[in-house]
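Input: a single structure, listed below in C-alpha cells.
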Amino acid sequence: MKKICVFCGSSKGAVPEYMEAAELLGKTIAENKLELVYGGAKVGLMGKTASTVLLHNGNVTGVIPKDLFEKEVANTDLENLHVVNSMHERKAMMAEMADAFIALPGGFGTFEELFEILTWAQLEFHKKPIGILNINGYYDKLIEFIDGAIEQKFIKEEHRKLFFVDDSPAALIEKFKSYSAPSINKAEWLLGIN
C-alpha cells in the first residue's frame, strides 16, 4: 500500500473536531510514508488534510475537474495537480491511483464517492480496502442505514466486510494492512441463494 485516496468535504463542518480529524489523518498518512490522493482543493477538510501531509514532508496528488478549479479553490501549490474534464474522470483517476480509500465527513459529493467505490468493490472491479473515519458519530446513521439494507436483503451480509469503520486514522490504516477482500458468489447472490 503506497497511496491512500481521501474523500471529504470542501467545508470545515460545524465543529472543530472535523478539521482536527483531517489534520490527524494527514499527519498519519505522512508518518506512514503514504501518498495522499484527493480532490485537489485547498479549502475545508480537503485542504487541511493535504496541507498537513505536506507539512510533514509527505507527497500529495490532487485531481480536480476544470469546472470546479475556481469553485473549490484548487490547490495550485501542489506539484502534482491534475485538472481533468469531468467528475467521472476525477473519480476514475483517483480510484486508479489509490491502493486504499478513507472517507472523512463530507456532503453529497463525499457520499457519492464513497458509495461508488463501495459499489465497485461489491462488483469486484477492485479489491482495495475502504475505511470510514467516523468522527463525532458523523456516519452513525449512515452505517445504521446500511445495516438496515442488509437486514432487508438488499445488501449481502458479506458485503459489510467491504469497509471498516473507526474514529482513528492509525487504526484504519492498520486494518488496511491485513485486508483481504471477501469472496462472494455473485451468481448465488443475484439469484437469492444462501
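The values are calculated or read from the model by the stated rules, or taken from the named source; none is laboratory data. Everything quoted here is computed from the prediction, not taken from an experiment. When we count neighbours, we look across all protein chains shown, and the Cβ atoms used for this are built from the backbone with ideal geometry, even at glycine. Only protein heavy atoms, including side chains, enter the accessible area calculation; ligands, DNA and RNA are left aside. Shrake-Rupley method; radii C 1.70, N 1.55, O 1.52, S 1.80 Å.
The aspartates and glutamates whose alpha-carbon is closer than 12 Å to the alpha-carbon of LYS161, local same-chain residues fewer than 8 away aside, are ASP147. Here is the list for region 1-90: GluC sites (Glu not before Pro) lying in DSSP coil, each with at most 10 other C-beta atoms within 10 angstrom of its C-beta, are GLU70, GLU79. Averaging Cα coordinates gives a centre for region 13-68 and one for region 82-159; these two points are 18 Å apart. Close amide H partners of ILE132, meaning residues 5 or more places away or on another chain with modelled amide H under 5 Å apart, are ALA103, PHE164, VAL165, ASP166.
Altogether, the Stokes-Einstein calculation at 25 °C and 0.890 mPa s, with the Kirkwood radius of region 73-185 over Cα pairs as Rh, returns a diffusion coefficient of 160 µm²/s. Kirkwood radius and radius of gyration were both taken over the C-alpha atoms of the chain, and their ratio Rg/Rh is 0.97.
Per residue, the chain exposes 53 Å² of solvent-accessible protein surface, assessed with a 1.4 angstrom probe and all protein chains in place. Remark: for residue pairs LYS12/LYS91; LYS71/LYS177; LYS27/LYS71, the C-alpha separation exceeds 32 Å in LYS71/LYS177.
Test of understanding: in a Gaussian network model of the chain with alpha carbons linked when under 10 Å, which of LEU34, LEU142, LEU118 would top the mean-square fluctuation ranking? In this elastic network of the chain, the residue with the biggest mean-square fluctuation among LEU34, LEU142, LEU118 is LEU142. Ligands, DNA and RNA left out, the 1.4 Å accessible surface of the chain is 52% carbon and sulfur atoms. Principal semi-axes of the equivalent ellipsoid, √(5λ) from the alpha carbon gyration tensor of region 55-112, are 17, 16, 13 Å from largest down. Across region 134-139, coupling constants 3J(HN,Hα) worked out from phi with the 6.51/-1.76/1.60 Karplus curve, θ = phi - 60°, read 8, 8, 6, x, 4, 9 Hz, and Gly and Pro carry x.
Here the calculated FRET efficiency for LEU142 and GLU174, from their Cβ-Cβ distance with R0 = 22 Å, stands at 0.45, rounded to the nearest 0.05. Loop only per DSSP, at most 14 neighbouring Cβ atoms within 10 Å: give me the trypsin sites (Lys or Arg not before Pro) in region 90-159, ordered by residue number. Hits after loop and neighbour filter: LYS127, LYS153. Most tightly packed first, judged by the mean number of other beta-carbon atoms within 10 Å of their residues, the peptides 96-105, 50-59, 143-152 read 96-105, 50-59, 143-152.
So, R0 is 25 Å and r is the distance between the beta-carbons of THR76 and SER11; what FRET efficiency does that work out to, to 0.05? Once the sixth-power term is evaluated, E becomes 0.80. Shown is the FRET efficiency for ASN57 and GLU116, computed with R0 = 25 Å from the Cβ-Cβ distance and rounded to the nearest 0.05: 0.20. In this structure, the amide hydrogen of ASN80, modeled 1.01 Å from its nitrogen in the peptide plane, lies closer than 5 angstrom to those of GLY62, counting only residues at least 5 positions away or on a different chain.
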